[in-house]
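Visitor: Questions regarding the structure given below will be posed in turn.
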Amino acid sequence: MRDAPVTSPATHAAIDEVAHSLAPLLREARRVLLCTHVNADGDTLGSMLAVGLAMRQISAAQVTMVSPQLSTRVYSYLPGIGDVMPSVPAGATFDAAAVFDCDQFSRVGAELMEALGRCPVVIDVDHHPSPPFGTHHLHAL
């Protein structure tokens, strides 16, 4: 028996439309912060790593990936996990940022909230039915 699709064709089309509208925001940035909430789980890290590794291959941007209180031992099998930092480097500034799988802005922790507050473009990428935050939103249910 074949499994039903996780999302409908209409949902896929909506996701594609939003992603295409947000891609230029990341493409034009020279310094990009990709981050997760504190104690990220596998789907959160996988989403951030997929975007981060892809950007490093197709973009000239400097990509910084941060996941506070990350258990690298648990997720050591994920490609690129060694590039994920536990905190924002001192003095770092960013042109754009994306926060993955975070239903509440406060879940990123005080340090990331401060760094994101200085960032002109903050993209909220999430699948939770929660109030959006940031300057742009990519919500897929």
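Visitor: Let me see the P(r) profile for the chain: every Cα-Cα distance counted, bins of 10 Å, each bin given as a percent of all pairs.
Guide: 11, 43, 35, 9, 1, 0
Visitor: Also, I was wondering about something else. Calculate for the chain the 222 nm mean residue ellipticity that helices alone would give, adding -39,500 (n - 2.57) per DSSP H run of length 4 or more and normalising by residue count, nearest 500 deg cm²/dmol.
Guide: Counting only the DSSP helices, I get -10000 deg cm²/dmol.
Visitor: I would also like to ask the following. Calculate the radius of gyration of the Cα atoms of the stretch 62-139 to one decimal place, then report Dmax, the largest Cα-Cα distance, as a whole number, both in Å.
Guide: Taking only Cα atoms of the stretch 62-139, I get Rg and Dmax of 12.8, 34 Å.
Visitor: Then there is this: Taking the Cα atoms of the stretch 97-141 alone, what are Rg (to one decimal) and Dmax (as a whole number) in Å?
Guide: 9.7, 29
Values in this text are rule-based calculations from the coordinates and carry no lab data. Since the model is a prediction, treat every value here as computed from it, not as a measurement.
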